[in-house]
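Read the structure below first, then the notes.
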Amino acid sequence: MINLLSYTCIGIGLFFWFWGTWPLVGHRSVLFKLHSLSVADTLGSIAIILGLLLKIPREWPLLVLAILSLAIWNTMLGYVLAYCSSSGGSHD
């Protein structure tokens, strides 16, 4: 049962990775594309790590650290990108 749940989480993570990549071929703005990609990539990576956590629970400290790092890093990167785009790239 744990293996099935683990592979399901990994499959969902892979789905999110590909789903986030799809808007890159659209005609939306670059910021919309980056936002879609970063959110889907973060959720997909966290789902994959949760699947690994179910598969190898003895490595829980490293995997939880990876989840926290992903959540914090990608959130902060999103704020930095939004700030840089809203100010037009010039800081007087």
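The values are calculated or read from the model by the stated rules, or taken from the named source; none is laboratory data. This structure is a prediction, so every number in the text was calculated from the model and none was measured. Every residue, glycine among them, receives a Cβ derived from its backbone with ideal geometry; neighbour counts consider all protein chains shown.
Taking segment 34-52, which residues are crowded, with 18+ Cβ neighbours inside 10 Å and free of Cβ contacts under 8 Å to residues at least 40 places away in the same chain?
Result: Ser36, Ala40, Asp41, Thr42, Leu43, Gly44, Ser45, Ile46, Ala47, Ile48, Ile49.
Among the candidates Trp60, Trp17, Trp22, single out the residue that is within 11 Å of the chain's Cα centre (by Cα), without any contact (Cβ under 8 Å) to a residue 60 or more places away in the chain and part of a helix (DSSP H, G or I).
Trp17
Determine which single condition Ile49 fails, assuming it passes every other condition in (1) under 15 Å from the mean Cα position of the chain (by Cα); (2) part of a loop (DSSP other than H, G, I, E, B).
Unmet for Ile49, out of (1) under 15 Å from the mean Cα position of the chain (by Cα); (2) part of a loop (DSSP other than H, G, I, E, B): (2).
Answer with yes or no whether Ile72 is under 11 Å from the mean Cα position of the chain (by Cα), of a type outside the set (D, E, K, R) and either surrounded by fewer than 12 Cβ atoms within 10 Å (Cβ to Cβ) or at pLDDT 95 or above (or both).
So Ile72 fits the description; yes.
Please determine, by comparing only the residues of segment 1-33 that are surrounded by fewer than 17 Cβ atoms within 10 Å (Cβ to Cβ) and of a type in the set (S, T, N, Q), which one is modelled with the highest pLDDT.
Here the residue is Thr8.
Considering segment 27-66 alone, what residues qualify as being touching a helix residue (DSSP H, G or I) at 6+ places or on another chain (Cβ under 6 Å), β-branched (Val, Ile, Thr) and more than 19 Å from Ile2 (Cα to Cα)?
Thr42, the sole residue that qualifies.
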